[in-house]
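Worksheet: the structure to be examined is printed underneath.
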Amino acid sequence: MRRVTVAALLATTLSTALSVTPAEARQPASGLANCTANACHFDVPPGTYDVRVTLGGDAAASTSVDGETRRALLPETATAAGQRVSRSFTVNVRTPEGEPTGAAGTPGLDLTLGGGAPALADIRVTPARRARQIVLIGDSTVCDQASAPYTGWGQELPQYLRKGLSVANYADSGESTVSYLADPALFATVQPLIRPHDLVLIQLAHNDKQTDEATYRANLETLVAGVRARGGEPVLVTPIVRRWFNADGTLDNGIALLVNGLGVDLPAVIRSVAGAEGVPLIDLTAETREVVETLGVEGSKSIYLYNEARDNTHTSVHGATVYAGLVRDGLVAQHLIPEGLVRQTG
């Protein structure tokens, strides 16, 4: 999440546009009438919406857009003095707004302007007609964290996607494969929302600390089968590493690489299930290990919340953004989403 500044510049030459009410939610909504200096609110019901923003002002500006529960929706975008640029993205509006077992949140769509010198010239919100969902099932390293500085990689993923792809993040803090299947608020609620051809990314391992191998494997197979029963396309994701170094500067140990208390190598089981079930695999364990080992003991502190909370499991905004980029790259490399629908940089 990029912190909001109060230096937002709102264009003054645009004509006044209509506010959106629930009864009008199917109509195009636009305009700074729905915005204050650093935020916009649209009274729309739960659903999927395309948002087009026009950025820029009389002075040079730099603008990012976050939304709902601290989701990064548009990376910081620079504009020269007098320049206007348009950017579009698709956003999921739901209740609860963030974690499935969390607070309901604020009704409607809420957007926040950030960046070095935000400038919003226009905004337009319309119901999405051809959006594909990327549904996320995971734990606290993935979820839409309510409070800074904690940030899940799923919270940062939307900024890398263009109009036509939306992230529906149903990851929840503290969940294992066991609890995600057992809690009626989780998979039993999420499964009916999966639509044909939706991608469903599954990363559950950090909290399977005492799950035996047979149960863990069976739970992954149950999740895969449940996604396929709805016509969705499951993708298994191995967990991000813990920042736990050996004396030789490597992460070659069970704590870092998610070997649980029963000696179960959880990422290895995920890889095995992916191969046996013919499910695409994003090996985030291997990729995040490379990132952390390359950065080293000191450099990797900024990826996690070591400096803030001596936390070597949960990621900072920076770390979640880096790891979300790895997920984006994995989806493109395996042709699960088209390269034309992703953003590489701001």
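Put simply, when 151-163, 171-183 are sorted by average Cβ atoms within 10 angstrom per residue, most first, you get 151-163, 171-183. Model label points for residue 58 and residue 214, set 7 angstrom from Cα along the Cα-to-Cβ axis, are 7.4 nm apart.
Just one of (i) 21.4; (ii) 22.7; (iii) 20.7 is Kirkwood radius over Cα pairs in Å as worked out from the coordinates here. Which one is it? Comparing each candidate, only (iii) matches the computed number. Distance between the modelled labels on residue 276 and residue 336, one decimal in nanometres: 2.0 nm (7 Å Cα→Cβ projection). By the Cβ-Cβ criterion of under 4.7 Å, the unpaired cysteines of the chain are 143. Around the amide H of residue 74, modelled in the peptide plane, lie the amide H atoms of 65, all under 5 Å away and 5 or more residues distant in sequence or on another chain. For residue 248 and residue 295, the difference between the fully extended length at 0.36 nm per residue and the C-alpha to C-alpha distance is 15.6 nm.
Over all other residues within a Cβ to Cβ distance under 12 Å of residue 219, the charged ones net out to -4, with Lys and Arg as +1 and Asp and Glu as -1. Go through 74, 234, 167 and say which Cα lies farthest out towards the positive end of the charge dipole of the chain; charges sit on Cβ, +1 for Lys and Arg, -1 for Asp and Glu. My answer, from the dipole projection, is 74. Working ranking of peptides 126-133, 279-286 by packing, defined as the average number of other Cβ atoms within 10 Å per residue, highest first, is 279-286, 126-133. Please find, in a Gaussian network model of the chain (springs between Cα atoms separated by less than 10 Å), the residue of 97, 298, 287 whose mean-square fluctuation is greatest. Checking each option, the largest mean-square fluctuation is seen for 298.
In this calculation the C-beta distance from residue 39 to residue 222 is compared with R0 = 45 Å, giving a FRET efficiency of 0.65.
Once whole DSSP H runs in the chain are found, which of them have Cα atoms spread over 20 Å or more along the helix axis and a mean Kyte-Doolittle score of at least 0.0?
TM-like helix candidates: 213-229, 284-299, 317-333.
For residue 165, the residues whose modelled amide H falls within less than 5 Å of its own, excluding neighbours fewer than 5 places apart on the same chain, are 90, 132. Judged by the mean number of other Cβ atoms found within 10 Å, the most tightly packed of the peptides 98-107, 42-51 leads the ranking 42-51, 98-107.
Share of carbon and sulfur in the accessible area of the chain stands at 53%, probe radius 1.4 Å.
Local charge for residue 259 was computed over the other residues whose Cβ lies under 12 Å away, with Lys and Arg +1 and Asp and Glu -1, and equals -2.
Over region 37-118, with the other protein chains present, what is the accessible area per residue in square angstrom, probe 1.4 angstrom?
Result: 33 Å² of accessible area for each residue.
Where Lys and Arg each count +1 and Asp and Glu each count -1, what net charge lies around residue 108 among other residues with Cβ under 10 Å from its Cβ?
So the surrounding residues net to -4.
Simple point charges give the picture: +1 on the Cβ of Lys and Arg, -1 on the Cβ of Asp and Glu, and for region 22-115 a dipole about the Cα centre of about 220 debye. In units of the compact-protein estimate 2.2 N^0.38 Å, region 198-346 shows a Cα radius of gyration of 1.08.
Here the Karplus relation 6.51 cos²θ - 1.76 cosθ + 1.60, evaluated at θ = phi - 60°, turns the backbone of region 246-253 into coupling constants of 7, 4, 8, x, 10, 10, 7, 8 Hz, with x for every Gly and Pro. Expressed as a whole number of Å, what is the distance separating the alpha-carbon centroids of region 134-186 and region 254-287? Using only Cα atoms, the two centres lie 19 Å from each other.
When Rg and the Kirkwood Rh are both derived from Cα coordinates, the Rg/Rh ratio for region 118-201 amounts to 1.03.
The dipole here belongs to the chain: it is taken about the Cα centre, uses +1 on the Cβ of Lys and Arg and -1 on the Cβ of Asp and Glu, and is about 1100 debye.
The values are calculated or read from the model by the stated rules, or taken from the named source; none is laboratory data. Since we're looking at a predicted model, the values are computed, not measured. Counting neighbours? That spans all protein chains shown, and the Cβs are built from the backbone with ideal geometry, glycine included. Calculation scope for accessible area: heavy atoms of the full protein, side chains included, ligands and nucleic acids excluded. Shrake-Rupley method; radii C 1.70, N 1.55, O 1.52, S 1.80 Å.
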